[in-house]
1. Picking from V128, V137, V161, which is most flexible by a Gaussian network model of the chain using Cα springs under 10 Å?
2. Could you list, bin by bin from short to long, the percent of Cα-Cα pairs of the chain in 5 Å steps?
3. Would you mind getting the accessible area per residue of the chain, heavy atoms of the protein chains only, 1.4 Å probe, in Å²?
4. Taking K and R as +1 and D and E as -1, what net charge do the other residues with C-beta under 12 Å from the C-beta of A77 add up to?
5. Would you work out the charge dipole size for the chain about its Cα centre, treating the Cβ of every Lys and Arg as +1 and the Cβ of every Asp and Glu as -1, and quote it to the nearest 20 debye?
6. Taking one equal scatterer on every alpha-carbon of region 44-89, how large is log10 of I(q)/I(0) by Debye at q = 0.33 1/Å?
7. Might you report the magnitude of the Cβ-based charge dipole of region 40-118 about its Cα centre, with Lys and Arg at +1 and Asp and Glu at -1, to the nearest 20 debye?
8. Using a 1.4 Å probe on the protein chains only, how many percent of the accessible area of region 124-201 belongs to carbon and sulfur?
Amino acid sequence: MAEPTRTSARGRPVATSHAAIEQAAFRLFSERGFAATTLDDIARETGVGRRTLFRYYQSKNDIPWGQFDRTLDHFRALLDEQPADLPVHEAVHRAVVEFNRFPADAHPPHRERMRLILTTPELEAHSVLRYAEWRQVIAEHVAARTGARPDDLVPQVAGHVSLAISLSAYDAWLGRPDAGAGELLELIDAAMAALRSYLDG
């Protein structure tokens, strides 16, 4: 006999993927707030045990960031795909824009995810760690393209400036309730042009 399918406290099928756990967690974050939602709440919502939940995410703070290691791998691939004869500032520019291209039907929506990350005080310390990892991807690429070391000044500046520009574009985008994903890319594309003053020449 097949084992009967377990369901969550709300009658939903048991979560068996990162995506399903994220969707359940974001429902609770929306209803209760991030701070008031516990891992036990999320486990009950998805119908899995707390131990199982930890196999997907090490902490509640990791959930809004999704599968961040895979996201960084994708970012590295985008940078590596840039033509070797492309100026380094243009390669970083193009990769950062493409990195922020998300499907319109993403669930949870990208706007909801980023609003939570950028406006939740409880996530600030964790976000600092994530931002450092993101910056390092750029620093390593710039270093490889320029013959520098990743901890040299120019690669580090490239990472810091790219992050600051991207976050500024997100602030502007989130401040426009009716702005779509295309407008986010336009904002990042326009803002990333400023990086040339640091890397060009």
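1. Answer for the Gaussian network model of the chain: V128.
2. Per 5 Å bin, starting at 0, the Cα pair percentages come out as 1, 7, 14, 17, 17, 14, 11, 8, 5, 3, 2, 1, 0, 0.
3. Heavy-atom SASA per residue in the chain reads 54 Å².
4. With Lys, Arg at +1 and Asp, Glu at -1, the neighbours total -2.
5. 800
6. Ignoring solvent entirely, the Cα scatterers give -1.15.
7. 440
8. Summing carbon and sulfur atoms, their accessible area is 55 percent of the total for region 124-201.
The values are calculated or read from the model by the stated rules, or taken from the named source; none is laboratory data. What you see is a predicted model, and the numbers here were worked out from it, not measured in a lab. No Cβ is skipped: glycine too gets one built from the backbone with ideal geometry, and neighbour counts run over all protein chains shown. Remember, those area values only see protein heavy atoms, side chains included, never the ligands or the DNA or RNA. Shrake-Rupley method; radii C 1.70, N 1.55, O 1.52, S 1.80 Å.
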